[in-house]
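The values are calculated or read from the model by the stated rules, or taken from the named source; none is laboratory data. Given the structure is predicted, the values throughout are model-derived calculations rather than measurements. A quick note on method: Cβ atoms are made from the backbone with ideal geometry, for glycine too, and the neighbour counts reach across all protein chains shown. Heads up: the accessible areas ignore ligands, DNA and RNA and are worked out on the full protein's heavy atoms, side chains in. Shrake-Rupley method; radii C 1.70, N 1.55, O 1.52, S 1.80 Å.
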Amino acid sequence: MDLYFSCSLTGGRGDQPVVAALISRLQALGHCVLTAHLADASAMAADGGLSPEAVYERDTAWLRASDAVIAEVSTPSHGVGFELAYALERGKPVLCLAREGVRVSKMLTGIRQPGFQVRTYRTVEEALAHQEAFLGR
Ligand SMILES: O=c1[nH]c(=O)n([C@H]2C[C@H](O)[C@@H](COP(=O)(O)O)O2)cc1CO
């Protein structure tokens with residue numbers, strides 16, 4: 001599958017090790033992760049030479065091309081929230097993963113649209129298991 005992985009950049013990258021593990025597993029399973037560069041600790045620097053318009057056009061094209069979206073939502077992010085709404089409006093299945101105990105916006109936890117899920121995890125293994133269950137649905 002062509003997958004769009006979404007995670008916070010501007011507001012913090014504290015979850016980058018989990019993001020890297022999730023993207024690495026997706027690739028090992030044979031999926032194409034359109035946003036694979038987000039696994040790198042230097043992802044923001046990698047996009048540093050792009051204008052905001054270029055990032056918006058590239059990322060929305062990738063969202064339209066994707067079969068499903070997986071987001072790490074433990075750190076609140078304008079970009080992630082926008083990407084989730086954009087994907088939902090286009091009928092994409094969406095999985096949101098959050099560390100247990102963090103507060104996630106009710107604008108995500110309140111979504112009852114079919115194909116949208118929020119799951120919490122305590123360990124990286126648990127996050128990986130949620131991801132695989134979502135893809136096997
Ligand atoms: O440089 C960038 N490149 C990029 O692809 N994004 C996208 C991918 C991420 O899923 C999301 C992060 O948004 P934010 O920076 O508001 O946390 O936006 C966001 C930025 C910076 O806003």
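If you scan the stretch 59-100, which residues turn out to be more than 10 Å from the ligand (Cβ to nearest atom), in contact (Cβ under 8 Å) with a residue 12 or more places away in the chain, open to solvent by 20 Å² or more (accessible area, probe 1.4 Å) and among the small types (Gly, Ala, Ser)?
Those that are more than 10 Å from the ligand (Cβ to nearest atom), in contact (Cβ under 8 Å) with a residue 12 or more places away in the chain, open to solvent by 20 Å² or more (accessible area, probe 1.4 Å) and among the small types (Gly, Ala, Ser): Ala65, Gly91.
Can you tell me which of (1) within 12 Å of the ligand (Cβ to nearest atom); (2) surrounded by fewer than 13 Cβ atoms within 10 Å (Cβ to Cβ); (3) modelled with pLDDT of 95 or more is the one Ala28 doesn't meet?
In the conditions (1) within 12 Å of the ligand (Cβ to nearest atom); (2) surrounded by fewer than 13 Cβ atoms within 10 Å (Cβ to Cβ); (3) modelled with pLDDT of 95 or more, Ala28 misses (1) alone.
Say whether the condition of being of a type outside the set (Phe, Trp, Tyr), crowded, with 16+ Cβ neighbours inside 10 Å and over 19 Å from Ala21 (Cβ atoms) is met by at least one residue in the stretch 119-128.
no
Results for (1) open to solvent by less than 40 Å² (accessible area, probe 1.4 Å); (2) free of Cβ contacts under 8 Å to residues at least 24 places away in the same chain; (3) part of a loop (DSSP other than H, G, I, E, B); (4) among the β-branched types (Val, Ile, Thr), shown as yes or no for each residue.
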position: Thr10; (1), (2), (3), (4): no, no, yes, yes
position: Gly14; (1), (2), (3), (4): no, no, yes, no
position: Val18; (1), (2), (3), (4): yes, no, no, yes
position: Ile23; (1), (2), (3), (4): yes, yes, no, yes
position: Glu53; (1), (2), (3), (4): no, yes, no, no
position: Glu57; (1), (2), (3), (4): no, yes, no, no
